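Since the structure comes first, as structure tokens, the remarks are kept for the end.
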Amino acid sequence: MNQADEIKSKLDIVDIISEYINLKPAGSNFRALCPFHNEKTPSFMVSPDKQIYHCFGCGKGGDLISFVMGMEGLDFIEALKLLGPRAGVVIDNKEFSDNSQKNRLLQILELSRKYYNYILTSEKGDLKNIKNIKKYLNDRGLSEEAILNWQIGYSLDNYDDLLNFLRSKKFTDIEILSSGMSFKSEKGKHFNRFRNRIMFPINDINGRTVAFTARINPEANNNHNLGKYINSPQTEVYDKSRVLFALDRARMAIKEKDVVVLVEGQMDAISAHEAGFNNVCAVSGTALTVSQLNLIKRYTKNIILAFDQDSAGENATDRGISEALRMGFNLKIASLEEGKDPDDIIRENSDNFKKYLDSAQDIMSYYLLREFDGIDINNIRDKNLAVNKILTVINKLYNKVEQDFWLKELSQKARVEEVFLREELQKIAQNMSKNDNIKENEVEIKTLNQESLISWEDKLLESLLSLLLKNNKYCEYVLNNLNPEFVMGKYQEFYNYWLIYYNKEGRIDYQGLLNYFKQENLLPMEDDLKKIGLISDFYWSDKEVSEEKIKEEIIKNIIEIKKNFFKEKIKIENDNLIKAEKENDEKSIQDIMKNLKNYNEELQKII
Ligand SMILES: [Zn+2]
């Protein structure tokens, strides 16, 4: 058994998928909202018997490995490495080429992380600075254990120690540059990017280090005009809009508690985790992006923002908040004490942080309070301004019932008739949709493209065969009325084998057919059969379908398949005709005309 098969045999697809999305039982299968496309009614099915999933909306489907690849954005080998330990399967690196550019960069980052951490914990070299940094971290409540746990490190005040270390490990200057760990001077010399800084590794969702945040040594006189914090640049493995700090550690807790707490800085997240708040992630100073929200959406729809009061719900995050509302997240804001960030609060007394989280306010109540507190409700201008701000947010709300609720609240608070508010809201919505339309259309097109990946003829075959799987007695009818030559697309061969099996056994049954494919070593056929089995369950299991209806469907399908066949033939001959006319090939033209006449007649007969 190869490693992929071993993993699949030891893990259950239902366990794996339910770590990402909520599965609801549907007969012997499970159903859910598809995580790969936007939808409001669930068309994503998971079959525990067949160990496959399939979405009837966008057509995505496969086994647990392909699911993890899709969800985590991993390639096949990366997915095996992620799943291997859970299945107790050791992934043998040698079996796969591990020397892709991406892997080389990840190796550099991992080595750098270990190197920086070693310098800080082994206390070798620059003892004075190292002691200072340790004291700084300890003062901020981070124990030796936490330093190890988070792999915090120190970059020496040196231009090439890390570079030389990486060179000694046989990495080229270009590779090191591409990993973001060095920079190149105008004269073409390479230098360490980070010097005399506390190094916080940033991991991707699988816990692999992809970048660093580096804080200047607090004792250093910062005269190189660089910020207190600097980050790794964007690289092939690091896209800052796609990473949430600590999500690799927090994701299971987020799913369990069904809520994520977002803080601003890495130190906030680290303190929170060390104090037992294990569902906390940091946005690291950037605005919350759609990609980050998409990551969160896999685990929960509930977000508590625990930002420092100066920035809570202000500038930097506002765009993120609108996006989150538009995507249907429930947002709450923890009103922290002014001038304090979560790190300060937790260090004083972690119970207080819990209190803030427990009393977090729904974002709309928060906005209402913020906009109306302290303004003179009789000052028309101020009132207008506040009303408009709130309406803009209400417009973003995903849910109409919620919109309605907050319009009423606003009407009371601002003492404005609800009808007027509704009129205003409509204006805002119209203005907004002009801007938003472009974006939404993009999404629309993407989904459509995905859908069109399954061709019409494949869909017809899927539908027909799934019906037959449930209703064996029509096999004979189909056999007599649908010659294999009419079948085009990916099920051509499959249909042939199907008929061979039927002629041999005199019936079609899922398990028997599956065993037959196994014996004949027809792996792609096995996969196709599983898919058709799932389609069969999805469309025909839950419903009471009358015999007549089934027959009607089967006949309809056969007609469509044949129509499709002749239309395709006519298309091909038309193309041939153009070519032959160009070449003045009289003989071919006549043959083609004869064929076209034939096909058209056949098509007319069917219609
Ligand atoms: Zn889908």
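The values are calculated or read from the model by the stated rules, or taken from the named source; none is laboratory data. Small disclaimer: the values here were computed from a predicted structure and weren't measured. Note: ideal-geometry Cβ built from the backbone for every residue, glycine included; neighbour counts use all protein chains shown.
Structural remarks
- Cβ separations smaller than 8 Å between residues 6+ apart or across chains give the following pairs from the range 1-28 residues that are at positive phi to residues that are among the acidic types (Asp, Glu) and not in a loop (DSSP other than H, G, I, E, B): 27/537.
- The number of residues in the range 17-35 being assigned to a loop (DSSP other than H, G, I, E, B) and polar (S, T, N, Q) comes to 2.
- Out of 343, 376, sole residue that is touching a residue at least 24 places away in the same chain (Cβ under 8 Å) and more than 23 Å from residue 324 (Cβ to Cβ): 343
- Verdict on residue 78 being over 20 Å from residue 526 (Cα atoms), away from the ligand (no atom under 16 Å from the Cβ), of a type in the set (D, E, K, R) and modelled with pLDDT under 90: yes
- When the range 10-61 is limited to residues that are more than 22 Å from residue 296 (Cβ to Cβ) and hydroxyl-bearing (Ser, Thr, Tyr), the one that is surrounded by the most Cβ atoms within 10 Å (Cβ to Cβ) turns out to be 47.
- In the condition set (1) within 16 Å of the ligand (Cβ to nearest atom); (2) closer than 30 Å to residue 194 by Cβ, residue 116 is compliant with all but (1).
- Residues that are more than 15 Å from residue 267 (Cα to Cα) and small (Gly, Ala, Ser), drawn from the range 128-167: 155
Conditions tested, residue by residue: (1) outside any loop (DSSP other than H, G, I, E, B); (2) within 11 Å of the ligand (Cβ to nearest atom); (3) within 24 Å of residue 252 (Cα to Cα).
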| position | (1), (2), (3) |
| --- | --- |
| 15 | yes, no, yes |
| 59 | no, yes, no |
| 66 | yes, no, yes |
| 74 | no, no, yes |
| 84 | yes, no, yes |
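- Scan of the range 36-55 for residues that are within 12 Å of the ligand (Cβ to nearest atom), over 16 Å from residue 22 (Cβ atoms) and assigned to a strand (DSSP E or B), ordered by number: 54
- Breaking point among (1) out of contact with any strand residue (DSSP E or B) (no Cβ under 6 Å at 6 or more places or on another chain); (2) farther than 18 Å from residue 347 by Cα; (3) modelled with pLDDT under 85, for residue 256: (3)
- Qualifying position, being of a type in the set (Val, Ile, Thr) and within 36 Å of the chain's Cα centre (by Cα), among 558, 550, 570, 535: 535
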